[in-house]
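First up is the structure itself, then whatever we jot down about it.
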Amino acid sequence: MSPTECALSDSLVRPMDHEPLLSIVIPTYNRPNELILTVQCIADQIKDGLEKKVELLITDNASDVETLDIIRALADQYPVLSFIIHAENQGGSFNVLAPAWRARGEYTWVFGSDDILLDGGVENVVEILERESPSYLLLNKKVANRDLSELLINSMHQVPDRRFANFYELFCTFGLAQMPFISANIEKTEIARSVDFEKYVKMPTGHPHIVGYLEKYAFSSAYYSSSNYLVHRTGNSLHIENYHTTNFIDYAAYLPLLLTEVARKIGLPLDFLEQVTGQKNINSYDKSSITMVDGIFENLLRAASGGVVLDLAQRSALEDALAYCQPHRLAQLSEVSEQARTVLTLQQQVTNAEAYLANYKSILMHLSRNYAA
């Protein structure tokens, strides 16, 4: 029995006479307009023999009627498209982690329901998988604004293709510069299923898939492709008002601590956080002096500006992890933590002042109306 089994309200899984090379799985929830464009740009490419190598599947997390009608209409339009619709919302982590157990392909490509794949992207990925046979594949990307009217970044990274001896080496090179973007990652399906699904669904991070990559592929072959067919649109979170602050504290505490736990479990260096780059754009394969630890400190300050600071347990766990890093890191953590609390205090003062001002303006308006009367 698959750990991803749950009640469904509807499903259509097209029969295939053999195992495909690649399963492209699109998890979605209430993104009808974006989903149409995502499915069209991929499905239109699955032709000229690729339909024998690639399956396309939507997994919907109990969306509204509008989205469900669109999914069925897309399935009527594209014979290559299958779908699974949950009877109840299973949560975002479930829907992002489940594809490997639902895929029929040798490889699983989880593709965001608001991302775009330019013409030639499917064929390019299939060619890489057939030629290189990696356990894990990381893809480059472009970045556009929310409505795709403007290209903001033409190429996220400026390094050529490279085959890495293992995922750990690739992770040290790219860090969190690309992997949080789920559409950039392609996994060997059999290996992707090797972790405890329930454990990862319950992880206190918005990026459990990254922790999973490290545990599953640390010592397996990995490949980076500079080919640039992926388009990521910014500012399209369903809850954008909380999205950034949640991400900042995740990158500052939850995610690095979970990664450290896995690193120790599988025998990676104790200064793991210092070995992973903190660069946001990778322009050289030379080792950077900026590490994930620097990223932790930056995100601590960013989280504080949104009203969130480390609790005592997180602070203690970070101190334990940083004890194996460069000697000055613990002192830096103390300094940054103090600065974060200062930022939080100032932010609260600003919020209080804005509330006082709004109340003062309300009183003035009330008095003005009474005076006019």
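Residue check: is S288 at pLDDT 95 or above and of a type in the set (S, T, Y)?
The answer is no for S288.
I'd like the full set of residues that are touching a helix residue (DSSP H, G or I) at 6+ places or on another chain (Cβ under 6 Å) and buried (at least 19 other Cβ atoms within 10 Å of the Cβ), limited to the stretch 28-44.
T28, V39, listed by residue number.
Tell me whether the stretch 59-78 contains one or more residues that are assigned by TED's automatic domain parsing to the domain that holds V125, assigned to a strand (DSSP E or B) and either modelled with pLDDT of 95 or more or on the phi > 0 side of the Ramachandran plot (or both).
Yes, some residue in the stretch 59-78 is assigned by TED's automatic domain parsing to the domain that holds V125, assigned to a strand (DSSP E or B) and either modelled with pLDDT of 95 or more or on the phi > 0 side of the Ramachandran plot (or both).
Mind checking which residues of the stretch 14-43 are in contact (Cβ under 8 Å) with a residue 60 or more places away in the chain and either outside the structural domain of E132 (by TED's automatic domain parsing) or touching a Phe, Trp or Tyr at 6+ places or on another chain (Cβ under 8 Å) (or both)?
Answer for the stretch 14-43, where residues must be in contact (Cβ under 8 Å) with a residue 60 or more places away in the chain and either outside the structural domain of E132 (by TED's automatic domain parsing) or touching a Phe, Trp or Tyr at 6+ places or on another chain (Cβ under 8 Å) (or both): L21, L22, S23, I24, V25, I26, T38, I42.
The values are calculated or read from the model by the stated rules, or taken from the named source; none is laboratory data. Just so it is clear, the structure is predicted and the values come from calculations on it, not from any experiment. Note that each Cβ is placed from the backbone with ideal geometry, even for glycine, and that neighbours are counted across all protein chains shown.
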